[in-house]
């Protein structure tokens, strides 16, 4: 059995890729690729990564029993065989948190006779730090970017350092590192071609276009985003000083709207209706 694992890391288009693969689940089976559907997270496979780290997430509505990575992986391999698939495909950015002992345990748990391939995306630590901070802002974070940036960047760099060293010495797997791009369609095609093969990768991405907000190039996206946050999360103060935001058109071409916006308190009085859409 071929076992292909997309391991992220976070803030490299993982969610949109997982949604695309989930939407294409039946088509993938027709081509011999099984993308498991888990009861906890039907679009990704965090539960296996958590099991490898012996983490009990205690999710509401689900059993608190910790399943072993052995039992989870064997179940998915059996399901793949039942569907007559020769490839098991998994995706979770939580796999990026695994270390050598975790991978060793996971590989040994499914026995011999399987060929593994690990696929990750490379995005600069600076960009991931900015993207992570922006995501946390939308969840109510009020700390200043400078207080958190170095920790974000150090964590990302530690992962890439580990990945480079790990795949060099791991004789049980092949590996790929794909350059992340803000041109979402281009990046997803390249990622899917790596995970699924060129023909199927283009077939899947071509029939499952991403849904995006379509705007004209002269729109102040950062201002629009700020107003969205203020209207939806009015009880917290945005401390972000600078923030990079990229927007794309429906046709997948770059809208060339990469703005470095200063989030000053005066923007809180901005009139949303003054923003042309």
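Annotation: residue 168 fulfils all but one of (1) modelled with pLDDT under 90; (2) assigned by TED's automatic domain parsing to the domain that holds residue 25; (3) closer than 27 Å to residue 23 by Cβ; (4) in a helix (DSSP H, G or I); the unmet one is (3). Of the residues in region 60-74, none is surrounded by fewer than 21 Cβ atoms within 10 Å (Cβ to Cβ), modelled with pLDDT of 95 or more and under 23 Å from residue 7 (Cβ atoms).
The residue pairs whose first member lies in region 116-129 and is in the same structural domain as residue 172 (by TED's automatic domain parsing) and assigned to a strand (DSSP E or B), whose second member is at pLDDT 95 or above and surrounded by fewer than 18 Cβ atoms within 10 Å (Cβ to Cβ), and whose beta carbons are closer than 8 Å, counting only pairs six or more residues apart or on different chains, are 117/2.
Kindly indicate whether residue 140 is assigned to a loop (DSSP other than H, G, I, E, B) and over 25 Å from residue 104 (Cβ atoms). Against the criterion (assigned to a loop (DSSP other than H, G, I, E, B) and over 25 Å from residue 104 (Cβ atoms)), residue 140 qualifies. Could you tell me whether region 86-100 includes any residue that is in a helix (DSSP H, G or I), over 18 Å from the mean Cα position of the chain (by Cα) and at pLDDT 90 or above? Scanning region 86-100 turns up at least one residue that is in a helix (DSSP H, G or I), over 18 Å from the mean Cα position of the chain (by Cα) and at pLDDT 90 or above. Scanning region 135-178 for residues that are surrounded by 16 or more Cβ atoms within 10 Å (Cβ to Cβ) and over 20 Å from residue 8 (Cβ atoms) yields a count of 3.
The values are calculated or read from the model by the stated rules, or taken from the named source; none is laboratory data. These figures come from a predicted structure and were not determined experimentally. With ideal geometry, Cβ positions are generated from the backbone for all residues, glycine too; neighbour counts draw on all protein chains shown.
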